[in-house]
């Protein structure tokens, strides 16, 4: 499953990387990134719900929910930006460049695509490793109350 997701990600994003001005024989940014990919890079591209919440409270992190409009109409987190994945290229100006951008969807598939795209565009981006479903599970009861109280300050 992970290999299939990785291959799908590379195939979907190939046109973005191949359209760069760098010649393939000189090495593209993606090729350079992949050649240096290690366990530290794997860890750095992810963030979990507790770290996301801490970063949002500190003003260092911006959540970007990349689900379709119909999905957020059904349920949403109550904070963060909502920019559907298919609208992301046209709406980059809405995303702050001075924060870590955390892309999220219910599980991870679209969030990984969005994270890779944003990195290609120069953003410091990660994806929410436990997804919005995990975030909803984490952020409830007292934690939800405390989080929104701290955001209101």
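The values are calculated or read from the model by the stated rules, or taken from the named source; none is laboratory data. This one's a predicted model, so the numbers in the text were calculated from it and none came from an experiment. Heads up, the Cβs are rebuilt from the backbone with ideal geometry, glycines too, and the neighbour counts pull from every protein chain shown.
Just a few scattered comments:
- The number of residues in region 138-149 that are assigned to a helix (DSSP H, G or I), closer than 27 Å to residue 97 by Cβ and under 21 Å from the mean Cα position of the chain (by Cα) comes to 1.
- The set of residues in region 110-137 that are under 8 Å from the mean Cα position of the chain (by Cα) and not in a helix (DSSP H, G or I) comprises 125, 126, 127, 128.
- Here residue 78 meets the list (1) surrounded by 18 or more Cβ atoms within 10 Å (Cβ to Cβ); (2) within 17 Å of residue 52 (Cβ to Cβ); (3) in contact with a helix residue (DSSP H, G or I) (Cβ under 9 Å, 6 or more places away or on another chain) almost entirely, failing just condition (1).
- Here 64, 102 are screened, and the one residue that is outside any helix (DSSP H, G or I), in contact with a helix residue (DSSP H, G or I) (Cβ under 6 Å, 6 or more places away or on another chain) and either surrounded by 19 or more Cβ atoms within 10 Å (Cβ to Cβ) or modelled with pLDDT of 95 or more (or both) is 102.
Quick grid of which residues meet (1) under 16 Å from residue 112 (Cα atoms); (2) at pLDDT below 50:
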site: 10; (1), (2): yes, yes
site: 13; (1), (2): yes, no
site: 18; (1), (2): no, yes
site: 29; (1), (2): no, no
site: 33; (1), (2): yes, no
site: 47; (1), (2): yes, no
